[in-house]
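The values are calculated or read from the model by the stated rules, or taken from the named source; none is laboratory data. Because the structure is predicted, anything quoted here is derived from the model rather than measured. For neighbour counting, all protein chains shown are included, and Cβ atoms are generated from backbone atoms with ideal geometry for every residue, glycine included. The area values use the complete protein model at the heavy-atom level, side chains included, leaving out ligands, DNA and RNA. Shrake-Rupley method; radii C 1.70, N 1.55, O 1.52, S 1.80 Å.
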Amino acid sequence: MIRLTVNSKTYQVDADPNTPLLWAIREQVGLTGTKYGCGIAQCGACTVHVDGVATRSCVMPVSAVAGKKITTIEGLASGNTLHKLQKAWIEHDVPQCGYCQSGMLMAAAALLKQKPKPTDADIDESMTNICRCGTFQQVREAINAAAKA
């Protein structure tokens, strides 16, 4: 059993220590907002925060995060109040198919925590998530709007 703290709740997860965090979150904890994309930490669909750092959960062994604070897309909002990035995502029509969006939002939230007023260059450098629909311009606009909120 591995003890995980996800979105401020503690869970006992019965998983092999090498199980990717993504699968523990989805299958053991039951939170399915974090998506599987590539399985090799390239696309970013699986991005969560581990102690506030954007982390690709598809390659992170569950044993490496025991005792750390994990935040998923389900924990980004505060109760019924959307995070300012979630509001900006809606206002700027970012999602198309939506598959990459939870990972994009988590990466953007980590960026704003590190750099509350990022430049476009900061955004371009930090947002390495892949969006097959090509909404990168809207992503940049939404991050800039959230930074001003």
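Summary table below
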quantity: Overall form of region 1-132 per C-alpha gyration tensor (a/c, 1.5; a/b vs b/c); calculated: prolate
quantity: Relative contact order [Cα under 8 Å, 6+ residues apart], the chain, whole percent; calculated: 24 percent
quantity: Per-residue SASA entry for LYS84, accessible area with 1.4 Å probe, Å² rounded to 10; calculated: 80 Å²
quantity: Between 0 and 90°, nearest 10: helix 101-114 axis offset from the chain longest Cα axis; calculated: 80 degrees
quantity: Bridge type composition, the chain - antiparallel percent by DSSP, nearest 5; calculated: 85 percent
quantity: Per-pair calculated FRET efficiency, R0 = 25 Å: VAL53 and CYS133 via Cβ, rounded to 0.05; calculated: 0.40
quantity: Length gained when the stretch ASP16-CYS97 is fully extended (0.36 nm per residue, less Cα-Cα span); calculated: 25.9 nm
quantity: For VAL13, distant residues with modelled amide H under 5 Å away; calculated: ILE2, ARG3, LEU4
quantity: Helix-only CD estimate at 222 nm, as mean residue ellipticity for the chain, using -39500 (n - 2.57) per DSSP H run (n ≥ 4); calculated: -8500 deg cm²/dmol
quantity: Rounded percent of accessible protein surface that carbon and sulfur make up, region 6-76, 1.4 Å probe; calculated: 48 percent
quantity: Per residue accessible area of the chain, 1.4 Å probe, in Å²; calculated: 52 Å²
quantity: Solvent accessible area, Å² - SER78, 1.4 Å probe, full protein context; calculated: 90 Å²
quantity: Most to least accessible of ILE130, ILE40, ILE123 (protein chains only, probe 1.4 Å); calculated: ILE40, ILE130, ILE123
quantity: Hz values of 3J(HN,Hα) by residue in region 122-129 - Karplus curve (6.51, -1.76, 1.60), Gly and Pro given as x; calculated: 4, 5, 4, 6, 7, 8, 9, 5
quantity: Estimated inter-spin distance, LYS115 and TYR36, nm [label 7 Å along Cα→Cβ]; calculated: 3.4 nm
quantity: Nearest-10 value in Å² for the accessible area of GLU125, using the 1.4 Å probe; calculated: 140 Å²
quantity: Point-to-point label distance, GLU27-ALA66, nm (Cα→Cβ direction, 7 Å offset); calculated: 1.9 nm
